[in-house]
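The values are calculated or read from the model by the stated rules, or taken from the named source; none is laboratory data. From a predicted model like this one, the values you see are computed outputs, not experimental measurements. Please note: Cβ atoms are built from the backbone with ideal geometry, for glycine as well, and neighbour counts cover all protein chains shown. With ligands, DNA and RNA removed, areas are computed over all heavy atoms of the protein, side chains included. Shrake-Rupley method; radii C 1.70, N 1.55, O 1.52, S 1.80 Å.
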Amino acid sequence: PVVRDREIQEARLKLPILAEEQQIVEAVRENPVLVLAGETGSGKTTQVPQFLYEAGYAREQLIGVTEPRRVAAVSMSRRVRQEMGLTADQVSYQIRFEGNTTDSTRIKFMTDGVLLKEIETDFLLNKYSVIIIDEAHERSVYTDILIGLLSRIVPLRNKRHRPLKLVIMSATLRVEDFTANRRLFKVPPPVIKVESRQFPVTVHWSKRTPDDYVGEAYRKACKIHRTLPDGGILIFVTGQNEVNSIMQRLKKTFPSKTQPKGDAKSKEVQKAAPAEKKPELTEEEEEAIFFNPKLKKQKKHKSNELPEVNLDSYAIEPPSEEAEDLLEGADGEGDDGDLEEDGDEDERAAAAVPGADRHPLHVLPLYAMLSTEKQSQVFEPVPEGARLCVVATNVAETSLTIPGIKYVIDTGKVKQKLYEKTTGVSAFQVMWESQAAANQRAGRAGRVAPGHCYRLFSSALFNDEMERFARPEIQRKPVEDVLLQMKAMHVDRVVNFPFPSPPDREQLRAAEERLVQLGALERPPPPPPGADKPSAEPETRVTDLGRAMACFPVSARFAKMLVLSEQHELLPFTVCLVAALSVQEVLLENPVTAEDKEHAKQLWSEWMTLRRSWAGTGNSLLLGDAMVLIRAVGAAEYSGCTPEFCRRYGLRLKAMREIRKLRVQLTNQINLVVPSAALGVDPRLAPPSEAQCRLLRQVLLAGLPDHVARRVDPQEINNPEDRPKWKGAYRCTSIEEPVFLHRGSVLRKEAPQYVAYQEIYETNKLYMRGVTAVEPE
Ligand code: ADP
Ligand code: MG
């Protein structure tokens with residue numbers, strides 16, 4: 001029996017889901033699968049595990065709850081344990097590198113990735129009686145794969161008379177992907193909708209969409225606090241830096257009495273000083289470092305050729321979008337430290353408003369990396385007479401519910417993981433949220449009373465630019481990655497896999513071919529002659545190489561390069577190269593700034609001279625355009641990546657900064673999956689040695705087996721009329737037409753007989769970009 005604190009019990013009884021306890025428990029008892037949809041804050045995450053616990057599901061086996069976010073797994077396990085008056089031994093969590101599960105664990109919160117790993121070793125998940133998939137609307141790749149796998153595990157467990165129950169919980173978005181998909185669940189699972197009281201929310205559109213949405217959000221908050229009646233304010237921005245920036249401005253504008261002014265200020269100034277300033281990493285990167293502190297230690301390299309690496313010192317120059325804007329002076333937002341001189345009208349006006357002090361603003365941050373203690377501050381009572389203002393990332397959209405919010409300020413922006421098409425490198429980018437997300441955010445204002453949502457974008461933008469729903473990650477990710485990852489988990493028939501939203505079949509097949517060619521997958525040997533022919537094409541299986549490749553967060557050919565680089569301690573170069581190849585137009589091809597043609601010609605020849613000197617001679621030259629990229633990145637960083645340097649040497653400034661950011665992200669991701677690599681980023685990468693160049697060339701070629709071209713002697717061409725167009729041309733395996741070395745390639749003079757290329761693009765003819773020489777055997 002669970003004995004709850006009286007206060008907690010009172011709070012629970014106010015939750016709409018409590019009225020449905022019996023219905024939910026019965027539905028779980030009578031059905032193998034249940035979909036539970038309910039508004040954010042209705043009590044799904046905190047209450048359903050407790051209902052099932054009290055219904056006896058944790059008596060012999062475990063109740064498992066998966067969360068797409070590590071932070072949710074940690075903080076929700078804590079909240080549930082407190083509500084139930086149990087210990088951390090009993091209600092525990094497990095995230096990738098950390099956990100407190102014990103033999104007495106009864107309810108286990110974990111990330112979806114952790115449960116997937118468990119399926120690898122115990123396919124039937126025998127230690128669980130129930131699996132609750134929480135936040136299913138977020139549609140992470142892992143959630144989707146988990147739901148697909150569980151749709152098969154549940155009937156298997158039923159057959160063995162040890163039933164496993166599956167509960168899919170979702171904010172009320174598009175549950176049809178789970179219920180109307182017959183391949184997934186033959187019998188459509190019942191849906192319980194938890195009705196929660198939702199008051200009307202008035203939506204206010206901006207006439208125009210401001211560029212400086214952070215500043216605009218701040219100004220809007222000031223206006224609300226000064227002119228509108230009581231009620232909490234919730235501001236949605238995209239990242240930790242933006243949260244802090246708004247926090248600081250608000251605290252300065254509305255200094256709270258309880259906090260001596262000078263004290264608060266000096267603390268903040270200190271924080272903003274460059275030397276103290278924390279690097280802006282994405283939340284995920286921060287988590288990576290946070291949960292694996294080892295990454296912060298630097299590795300001593302055996303070879304003295306390779307530079308010493310230090311992630312800490314590197315990160316002093318923040319590789320953030322905001323920092324970029326600052327460096328380029330793109331907007332007047334100003335550094336946090338600049339605020340002192342910043343003559344913001346609103347700030348001055350605020351100081352002049354008599355009585356602004358009488359209504360203190362209780363400003364709190366909320367983002368994924370905040371400590372659990374700080375996070376839970378938003379649940380605590382607001383000081384007498386003050387107004388709550390929470391500045392949050394989209395953690396507050398559905399994962400955490402803040403009480404007492406009446407005004408929502410929505411910047412419309414969200415940080416999303418995007419995948420570069422060819423390299424598969426993922427990077428976080430600020431983009432427009434979906435319409436569904438905008439509506440979720442607006443809904444946060446109507447939990448206690450009628451509310452208001454201020455959208456810092458126009459209704460035209462909402463209609464024209466925002467997608468209706470965010471697309472599931474599995475459909476945004478390159479299919480090769482998904483395929484390889486699933487094969488590595490021994491899901492052999494991927495084409496038949498019951499995805500909630502399947503990737504394209506044809507694309508899956510093409511991806512399979514490429515993976516076989518790369519050696520990541522293999523077909524079983526053909527049957528001996530005389531044996532019956534198998535009726536269907538045999539399934540491919542993952543190879544050892546493929547399994548290693550699946551660990552790297554980039555697309556297959558680059559993953560192969562990274563795997564091979566690990567063996568030769570070439571990783572820093574390969575990481576640099578993959579990052580550089582993920583960014584468009586690193587090396588400029590047109591001196592557009594030049595006034596006249598003569599000047600342009602001269603500039604171009606200067607750039608090419610420099611690029612040829614970067615390419616060097618011998619193995620370094622054979623590495624070709626790849627060598628130029630590596631040297632360009634190292635040289636630009638050495639110079640501090642200044643606009644002058646980039647202009648002078650024909651490099652695109654934004655591209656160089658993008659590369660820097662990607663190198664950090666990629667390095668962190670690699671360290672996460674291969675902790676033994678203990679990789680660091682030295683921005684000023686010293687050039688590879690002659691021997692390393694030779695190895696790098698092999699590594700590169702191993703990733704490009706299908707991107708090889710041979711120089712053609714026009715005499716080979718049968719039809720004499722066609723011969724002229726083959727002058728100086730190459731033939732590649734997959735294309736009929738002649739292809740050429742681009743004039744920007746450092747190998748153009750050498751014109752090696754065999755080359756490998758990164759990509760082919762078309763202008764007036766077909767050109768190969770990113771060319772490396774292949775030596776004939
Ligand atoms: P859902 O999962 O349906 O979005 P939750 O179970 O997360 O809802 O939240 C239910 C209620 O519990 C909300 O009102 C929320 O404010 C409250 N709550 C959640 N975590 C805490 C906490 N750590 N301290 C106090 N209240 C909390
Ligand atoms: Mg929840």
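Summary of computed values
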| item | result |
| --- | --- |
| Percent accessible area from carbon and sulfur atoms, region 52-143, protein chains only, probe 1.4 Å | 43 |
| Distance from region 640-713 to region 728-768 (C-alpha centre basis), Å | 21 |
| Cβ crowding within 10 Å averaged over residues, with 752-759, 440-447 ranked highest first | 440-447, 752-759 |
| Rounded accessible area per residue of region 112-161, 1.4 Å, Å² | 36 |
| Heavy-atom SASA rank of D177, D112 (probe 1.4 Å, accessible area, largest first) | D177, D112 |
| Within region 12-134: Cβ-based charge dipole about Cα centre, in debye rounded to nearest 20 (Lys, Arg +1; Asp, Glu -1) | 380 |
| Rg ratio (alpha-carbon, reference 2.2 N^0.38 Å) - region 399-460 | 1.41 |
| Residues with amide H under 5 Å from that of G451, placed H, sequence gap 5 or more | V201, T202 |
| Over region 600-748, relative contact order from alpha-carbon pairs under 8 Å, at least 6 apart, % | 24 |
| Accessible area of region 536-652 belonging to carbon and sulfur atoms, whole % at 1.4 Å probe | 52 |
| Heavy-atom accessible area order for F573, F199, largest first, 1.4 Å probe | F199, F573 |
| Net dipole in debye of region 512-616 [+1 Lys, Arg Cβ; -1 Asp, Glu Cβ; about Cα centre; nearest 20] | 200 |
| Net length gained if the chain between A600 and K417 were fully extended (0.36 nm per residue, minus Cα distance) | 62.1 nm |
| Residue-wise HN-Hα coupling along region 504-510, computed from phi with Karplus coefficients 6.51, -1.76, 1.60 (Hz; x: Gly, Pro) | 4, 5, 4, 5, 4, 5, 4 |
| Subset of K374/K413; K207/K654; K220/K417; K108/K374; K108/K193; K14/K207 violating a 32 Å alpha-carbon distance limit | K14/K207 |
| Farthest toward positive dipole pole in region 650-744 [+1 Lys/Arg, -1 Asp/Glu at C-beta], among V708, N671, N718 | N671 |
| Largest-first ordering by accessible area, 1.4 Å probe, given options D212, D89 | D89, D212 |
| Computed FRET value (nearest 0.05) for V430 with E721, which takes r as the C-beta separation and R₀ as 41 Å | 0.15 |
| FRET efficiency, Q23 to R183 (Cβ-Cβ, R0 25 Å, nearest 0.05) | 0.35 |
| Highest to lowest packing among 693-699, 155-161, 223-229, scored as the average C-beta count within 10 Å | 693-699, 223-229, 155-161 |
| Under the Karplus curve 6.51 cos²θ - 1.76 cosθ + 1.60, θ = phi - 60°, whole-Hz ³J(HN,Hα) for region 637-654, x wherever Gly or Pro sits | 5, 4, 7, x, 6, 7, x, 4, 4, 5, 4, 5, 9, x, 10, 8, 3, 4 |
| Positive-pole candidate from I17, V74, A55, dipole of region 1-112, charges at beta carbon | V74 |
| Region 180-212 versus region 66-107: alpha-carbon centroid distance in Å | 28 |
| Segments 672-679, 378-385, 33-40, 740-747 sorted - mean Cβ within 10 Å per residue, highest first | 33-40, 740-747, 672-679, 378-385 |
| Region 353-413 versus region 446-478: alpha-carbon centroid distance in Å | 21 |
| In sequence order, calculated HN-Hα J values of region 78-94 (Karplus, 6.51, -1.76, 1.60; Hz; x Gly/Pro) | 5, 5, 5, 4, 5, 4, 8, x, 9, 9, 5, 5, 9, 10, 10, 9, 9 |
